[in-house]
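Have a look at the structure below, then the notes.
Please treat every number below as a calculation from the coordinates, not as lab data. Keep in mind it's a predicted model, so treat the numbers as computed, not measured. No Cβ is skipped: glycine too gets one built from the backbone with ideal geometry, and neighbour counts run over all protein chains shown.
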């Protein structure tokens with residue numbers, strides 16, 4: 001399971017011209033689900049998303065997590081994060097979870113994060129989403145579990 005996290009001042013997801021998820025200060029999280037991702041990866045990623053220290057403390061050092069700054073999370077399924085790009089000029093998606101499995105695992109991740117923290121929004125799995133954000137920093141990390 002992979003998550004591209006971006007520290008944002010604001011972010012939102014629109015589907016067919018309607019906003020389906022929006023946050024102010026927090027983390028935009030693009031999530032890729034691989035075939036072999038199970039409960040352990042979901043639990044580990046949920047923990048990391050809530051405890052990864054990417055927000056500045058009083059000295060400007062990244063020592064605070066999203067909960068400590070009372071931030072929000074916007075979780076968005078991102079199938080293309082599971083691409084294998086090591087060979088050739090076209091991505092391979094053989095390691096990505098099939099759509100039904102990917103949706104199930106993504107929903108399990110959302111539930112695991114919401115169980116621990118209630119400031120969570122999402123995109124819409126499988127939809128043609130328009131994601132907009134104001135990256136703060138910019139600060140972007142790829143987490144792999």
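Regarding residue 143, is this residue touching a helix residue (DSSP H, G or I) at 6+ places or on another chain (Cβ under 9 Å), without any contact (Cβ under 8 Å) to a residue 60 or more places away in the chain and either assigned to a strand (DSSP E or B) or over 27 Å from residue 14 (Cβ atoms) (or both)? Steps first, answer last, please.
On the way: touching a helix residue (DSSP H, G or I) at 6+ places or on another chain (Cβ under 9 Å): yes; without any contact (Cβ under 8 Å) to a residue 60 or more places away in the chain: no; either assigned to a strand (DSSP E or B) or over 27 Å from residue 14 (Cβ atoms) (or both): yes.
Taking the combined requirement at face value, the residue does not satisfy it.
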Odd one out for residue 123, checked against (1) crowded, with 19+ Cβ neighbours inside 10 Å; (2) closer than 20 Å to residue 13 by Cα; (3) in contact with a helix residue (DSSP H, G or I) (Cβ under 8 Å, 6 or more places away or on another chain): (3)
Test result for residue 127, in a loop (DSSP other than H, G, I, E, B) and in contact (Cβ under 8 Å) with a residue 60 or more places away in the chain: yes
